[in-house]
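The values are calculated or read from the model by the stated rules, or taken from the named source; none is laboratory data. Source: prediction; values computed, not measured. Note that we place each Cβ from the backbone using ideal geometry, even for glycine, and neighbour counts take in every protein chain shown.
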Amino acid sequence: MAVLRERPYVQFNFLVDLGTGNTEGAEAGFQECSGIGMEVTVSEYRNGNERENSVRKITGLNKSSDVTLKRGVIGSLNLYQWLNQIRNGDQSAFRTVVVQLQNEDHSAVVQSWKLLRARIIKHTSGPMNAKGTDVAMEELVLSYERLEME
């Protein structure tokens, strides 16, 4: 699915599917999606009788970074309901979240990131300021176990 070209794609045309299949409308829209990533750890090891004076790098565990989603407060409780399922121990609440980057005219998906076994680990609303003119925002942090790219 990834589409190669010489100049980079812009970052402001993206869709987020929170495992519901819905990417349309205010309930599925996000202003920002940040932190998608992973790393593979390495362990260093060396036998005391090795001829070379350096350590071996042994591939370790895969770690995925937490993803932060932000959107304006719209009065929808669907994210809270998902969070409530998770904190009540519902194992079926883990979802596959898909973030898709689109081309400039929204006619094709150029790259996708799949966050497998994702769950909400933090939800924040605010800040609220009576003298401010900003949109009321809510922030959602997702933790996931594995990242796949297409």
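For every residue, the table says whether it meets (1) farther than 20 Å from G21 by Cα; (2) part of a strand (DSSP E or B).
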position	(1), (2)
G89	yes, no
S92	no, no
D105	yes, no
G132	yes, no
L140	no, yes
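Give all pairs with beta carbons closer than 7 Å in which a residue from segment 97-121 that is closer than 17 Å to G35 by Cβ meets a residue that is assigned to a loop (DSSP other than H, G, I, E, B) and small (G, A, S); count only pairs at least 6 apart in sequence or on separate chains.
V97/G19; Q111/A2
Please enumerate the residues belonging to segment 113-138 that are closer than 19 Å to F14 by Cα and modelled with pLDDT of 95 or more. Don't jump to the end; show me each part of the working.
Taking segment 113-138 and keeping what is closer than 19 Å to F14 by Cα, we get 113-116, 118, 137-138.
Across segment 113-138, the qualifying residues are W113, K114, L115, L116, A118.
So which residues in segment 1-26 are surrounded by fewer than 10 Cβ atoms within 10 Å (Cβ to Cβ) and closer than 20 Å to R119 by Cβ?
Matches in segment 1-26: G21 only.
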